[in-house]
Structure formats: structure tokens, C-alpha cells
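First up is the structure itself, then whatever we jot down about it.
Please treat every number below as a calculation from the coordinates, not as lab data. For clarity, every value in this text was computed on a predicted model and none was experimentally measured. Glycine gets a Cβ as well: all are built from the backbone with ideal geometry, and neighbour counts include every protein chain shown.
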Amino acid sequence: MAKIYQTENFKKRWQQLSVYEQLGNIGDEFERALRWKQKKQQPMFENASARMLELFDLTLTDKRWDNYRLKEITSACEVAYAELFDNDPNLSGNPEGLKRYFLQFAILARKNQL
């Protein structure tokens, strides 16, 4: 059974964030997991990747995104998963592109907060 990292209070707060904020935060966890994987720190990698996947789950269950955004979010989740867990070079191999993808959302989230 997967370890649950987020409390019910956090989950409610998550549902109040914009899609930009949600994907920007997921991107932070993706980068954290990627760094731990590259450093071969398996326990830290597993924790960061589990948090990333949990945040994706919370985003995918957000009813506000039951529209055209759902397909993009699902695709982002699949690509991030492949990048972290698949050893097939056809499925992974472009972590920088994925980091740039998530960074755009973090920048938009920050810009909308100003």
C-alpha cells in the first residue's frame, strides 16, 4: 500500500489552487525525484516520486479539470512516470523538456500571484 503524504486539510487546500499552481508544485516534486534518482538515493527518490504521483492524483480528481485540461494533465502524468520509472529510451530521455514544461506553470502561477 502506498504511503499517504497529504492530510485531508492539505487535499482541501489543493483543490483551491489554480491548475498553474498545481502543475508547478507537481513539477517541483518531479525535479526533486529526478535529482534523487540521479544521485542514486533510492529512499529519497521513492518518497519524492510518491509525493509527485499523489499530487497528480489529487489534480486528476479535481472536478474543475474535467474538460480539455484532463487529457493534458493525464499525458503529463504518463510522461513524468515514464521519465522516472521506465528504462526504455523511447519512453524517457528528455527530463529537461519536462522540467521546462512544468516551469512554465510555476512561472504563470507566480505571475498570477503578483
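Lys37 - would you say it is of a type in the set (D, E, K, R), crowded, with 17+ Cβ neighbours inside 10 Å and in contact with a Leu (Cβ under 9 Å, 6 or more places away or on another chain)? Spelling it out, Lys37 is indeed of a type in the set (D, E, K, R), crowded, with 17+ Cβ neighbours inside 10 Å and in contact with a Leu (Cβ under 9 Å, 6 or more places away or on another chain). When you check Lys63 against the structure, is it exposed (fewer than 14 other Cβ atoms within 10 Å of the Cβ) and basic (Lys, Arg), yes or no? In short, yes. For Leu23, the conditions (1) touching a residue at least 24 places away in the same chain (Cβ under 8 Å); (2) surrounded by fewer than 17 Cβ atoms within 10 Å (Cβ to Cβ) all hold with the exception of (2). In region 1-88, which helices (runs of 4 or more DSSP H) lie fully inside it and hold 3 or more residues that are under 14 Å from the mean Cα position of the chain (by Cα)? It comes to 19-38, 42-60, 68-85.
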